[in-house]
Amino acid sequence: MSQTFDASRSLTALEQDSTIVAVIEMSQAKWLVAAVVPGLQRQPLKTLDADAEAVLKRLRRWRDEAGQAGRQIKRIALAYEAGRDGFWLARWLRARGIEAYVIHPSSIAVSREHRRAKTDRLDTELLMRVFLGWLRGEKRHCSMAAIPTVEEEDARRPNRERGNLVTEQTRIVNQIKAILARFGIRSFRPTPGKAEERLEGLRTAEGMPLPENTRAELRRHVVRLRVGREQVRAIEEERRNRLAATPAGAQGPHAMIQLIARVLGVGVETADMLVNEILLRHLRDSKAVARYAGLTGSPNESGRRRRERGLARAGNARVRCGMIQLAWRFLRFQKDSVLVRWFQARTADGRGSTRKTMIVALARKLLIALWRLVRTGEVPQGVVLRPAS
């Protein structure tokens, strides 16, 4: 992603007489493609199968029609909303000379009518309107998502898969406890390696063994729990091997993970998430870093009214959740740092509501400090680092 890319507006002048502007309203089975083609009175609208080759063929056909009308096409710009299909189509089209963009759906202003009409045709009209405004360089029409490479997307998978597995483990443990609670058993803990043996000796509150169907269901839950834990260990082992294979003085994401993991209180898991989710992105400044994490406020001001509605929550939820958790850990492991002293000075009243509010501010400051650490090597004042391995 180019550092000069501006998500809020296009930096390339729009020559509408030599540019085909197209948008796609995507679904699983069909894609509705609309375009503004120079030299054609009509605005083409075509329903195609969900196939990239069909889209490319249609764009080239419209280019030929514009040429027959006496217009020389120098640029084809296409956009679609971010969704289930992700970014593969944009990468595929860019490799074939099409200028493709992905629009943040939440950045498009829609009608506030209680029951507004919504069809694919109307959605393409709305997409075309905001995309044309963005191409003209006008701000606030919509915001474009940065299109990651295949390698960048792949680097995020281990951390996200591990998070899903941990969530699944928690769900299974809760199901086991809920089943046993119906028989008056509350002391069972599904610890690794011992759960299956302990399961056979359980007795209900009446002193009877568990019914056969219930015991069979619990065995299957324990097996799924064991498989999930094995997969988590496999992911962690692969990551340790990759980090260990990184040569000293190397640059790149693995070196950034090792640097952040040296901060006392920051684990490899958190460092991996931060690097691949936000710190590798080419963000303009510290405000953009905080905004991408959703750690900025959402003021509501009109006339004399001044009200703060809390976190915007418009950014990366994984980063936001991880940073708030890290901020609480930071208070324990970095008590002599300037950031912790700043937090303690503003929560001296001891009120829980004050601490809850200020921990978000600490998370924002800490994220910016880590961003500067990996960009410039600037260590936050008073922060203790582990020895380099």
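The values are calculated or read from the model by the stated rules, or taken from the named source; none is laboratory data. These numbers were taken from a predicted model, which means no experiment stands behind them. A quick note on method: Cβ atoms are made from the backbone with ideal geometry, for glycine too, and the neighbour counts reach across all protein chains shown. Areas reflect the complete protein model, heavy atoms only, side chains present, ligands, DNA and RNA absent. Shrake-Rupley method; radii C 1.70, N 1.55, O 1.52, S 1.80 Å.
Structural size metrics of the stretch 259-300, computed from C-alpha coordinates, are Rg and Dmax of 12.4, 40 Å. Can you send over the carbon and sulfur percentage of the accessible area for the stretch 339-389, probe radius 1.4 Å, protein chains only? Whole-percent figure for carbon plus sulfur exposure: 50. Candidates Ala50, Ser10, Val37 compared by Cα position along the dipole of the stretch 1-137: farthest toward the positive end lies Val37, with charges placed on Cβ.
Protein heavy-atom accessible surface, 1.4 Å probe, per residue over the stretch 182-262: 65 Å².
Note on volume of the Cα convex hull per residue in Å³: of the candidates (1) 131; (2) 236; (3) 180, the value calculated from this structure sits at (2). Under 18 Å of direct C-alpha separation, and excluding same-chain neighbours fewer than eight residues apart, Lys177 reaches these lysines: Lys194. Antiparallel beta bridges, as assigned by DSSP with both residues in the stretch 28-120, represent about 50 percent of the total such bridges. Sort out for me the Cα centre separation of the stretch 13-34 from the stretch 229-290, rounded to whole Å. Centre-to-centre (Cα) distance: 38 Å. Taking a straight line from the alpha carbon of Lys30, these lysines sit under 25 Å away, with near neighbours fewer than eight places off in the same chain left out: Lys46, Lys57, Lys118. Between beta-carbons, use under 14 Å as the cut-off and find the net charge around Gly193, counting Lys and Arg +1, Asp and Glu -1. With Lys, Arg at +1 and Asp, Glu at -1, the neighbours total +3. Positive contributions from Lys and Arg (+1) and negative ones from Asp and Glu (-1), summed over other residues with Cβ under 13 Å from the Cβ of Arg61, come out at +2. The calculated 222 nm mean residue ellipticity attributable to helices in the chain amounts to -15500 deg cm²/dmol, summing -39500 (n - 2.57) over DSSP H runs of n ≥ 4 and dividing by all residues. The value of relative contact order for the chain, using C-alpha pairs under 8 Å at least six residues apart, is 12 percent. Taking the chain as a Gaussian network, where each spring joins two C-alpha atoms under 10 Å apart, which residue of Ile179, Ile103, Ile278 fluctuates the most? Sorting by GNM fluctuation, first place goes to Ile179. Computed over neighbours whose Cβ is under 12 Å from that of Asn213, the net charge equals +1, Lys and Arg +1, Asp and Glu -1. Could you tell me which of rounded, prolate or oblate describes the stretch 1-131, using a ≥ b ≥ c as the square roots of the eigenvalues of the alpha-carbon gyration tensor, with rounded for a/c under 1.5 and, failing that, prolate when a/b is larger than b/c and oblate otherwise? Note, shape of the stretch 1-131 comes out rounded. To the nearest ten degrees, helix 212-244 and the longest principal axis of the Cα atoms of the chain are 70 degrees apart. Within the stretch 237-389, the proportion of C-alpha pairs whose separation exceeds 21 Å stands at 47%.
Cross-link partners for Lys287 among the lysines, with Cα-Cα distance under 28 Å and sequence neighbours closer than 8 places in the same chain left out: Lys139, Lys335, Lys356, Lys365. What separates the Cα centres of the stretch 67-86 and the stretch 295-324 is a distance of 35 Å.
Across the stretch 2-150, C-alpha contacts under 8 Å between residues 6 or more apart give a mean separation that, scaled by the residue count, equals a relative contact order of 32 percent.
Using a probe radius of 1.4 angstrom, the carbon and sulfur fraction of the accessible surface of the stretch 140-182 is 48%.
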